Amino acid sequence: MARVLLGVQGNRMVDEAQLVRRVAKGDRAAFEELYRRTSPWLATRLRRRCADEQLVAEVMQETYLAVWRAAGSFAGAALDGSAVGWLWTIAARRLVDAFRRRARHAEQPIPLAEAVPSPEDEVLAGVVGGEVGGALRQLAPELRDVLRALVLDGLTVRETATLLGLPEGTVKTRARRARAQLREALELS
């Protein structure tokens with residue numbers, strides 16, 4: 001009996017979008033492969049936003065349960081989206097929901113220590129080089145955090161406020177300040 005490797009189809013690697021489409025058809029092996037490929041990255045990214053390991057584990061579980069249940073709703077390339085981006089959107093929203101639940105029960109999430117640049121910051125610095133990258137690096141960390149949540153993570157103002165533990169007005173103000181500072185820095189260059 002020939003053994004079929006899930007990660008390789010013919011001579012090409014199966015991408016995450018193909019795995020999600022197979023998960024939508026109830027393929028458990030595809031789900032396991034998707035989890036194997038994405039869970040380390042997703043856990044790291046969630047830990048950048050919350051230092052509470054128990055909460056991160058809960059969000060991971062809720063995220064992959066949602067992926068299993070909603071894989072059929074993944075539009076993928078039809079909407080110019082990636083499976084990893086779709087997965088992150090689900091996880092980010094689950095994290096916001098978890099923060100809301102904690103806020104209702106008066107438990108505050110463990111704050112983060114920003115000692116090491118996040119993977120997103122490193123990628124952004126590498127991808128957005130030159131003048132824009134320099135302008136981004138000059139922003140105060142609280143302004144970069146708001147832009148990261150709104151732009152990179154694609155969260156709404158309300159979700160960003162919950163994620164960062166800020167009032168919505170503060171998120172809007174910081175986003176406006178960040179954009180103005182970026183614009184000013186780019187005009188001066």
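The values are calculated or read from the model by the stated rules, or taken from the named source; none is laboratory data. Given the structure is predicted, the values throughout are model-derived calculations rather than measurements. Glycine gets a Cβ as well: all are built from the backbone with ideal geometry, and neighbour counts include every protein chain shown. These area figures cover heavy atoms from the full protein model, side chains too; ligands, DNA and RNA do not enter into them. Shrake-Rupley method; radii C 1.70, N 1.55, O 1.52, S 1.80 Å.
A few points about this structure:
- In segment 59-94, residue surrounded by the fewest Cβ atoms within 10 Å (Cβ to Cβ) [restricted to those that are at pLDDT below 80 and under 14 Å from Arg21 (Cα atoms)]: Ala78
- From Asp153, Asp97, Asp121, Asp145, residue being modelled with pLDDT under 65 and either open to solvent by 80 Å² or more (accessible area, probe 1.4 Å) or closer than 30 Å to Tyr64 by Cα (or both): Asp121
- Pick from segment 1-49, criterion open to solvent by 70 Å² or more (accessible area, probe 1.4 Å) and within 30 Å of Ala161 (Cβ to Cβ), ranking: modelled with the highest pLDDT: Pro40
- Extreme residue, surrounded by the fewest Cβ atoms within 10 Å (Cβ to Cβ), among residues of segment 156-178 that are in contact (Cβ under 8 Å) with a residue 24 or more places away in the chain, part of a helix (DSSP H, G or I) and more than 13 Å from the chain's Cα centre (by Cα): Arg177
- Taken over segment 42-69, the residue count meeting the criterion of being within 25 Å of Ala149 (Cβ to Cβ) and without any contact (Cβ under 8 Å) to a residue 12 or more places away in the chain is 6.
- Answer residue from segment 130-142, given it is among the aliphatic types (A, V, I, L, M) and more than 22 Å from Ala51 (Cα to Cα) and is most open to solvent (accessible area, probe 1.4 Å) among those: Val132
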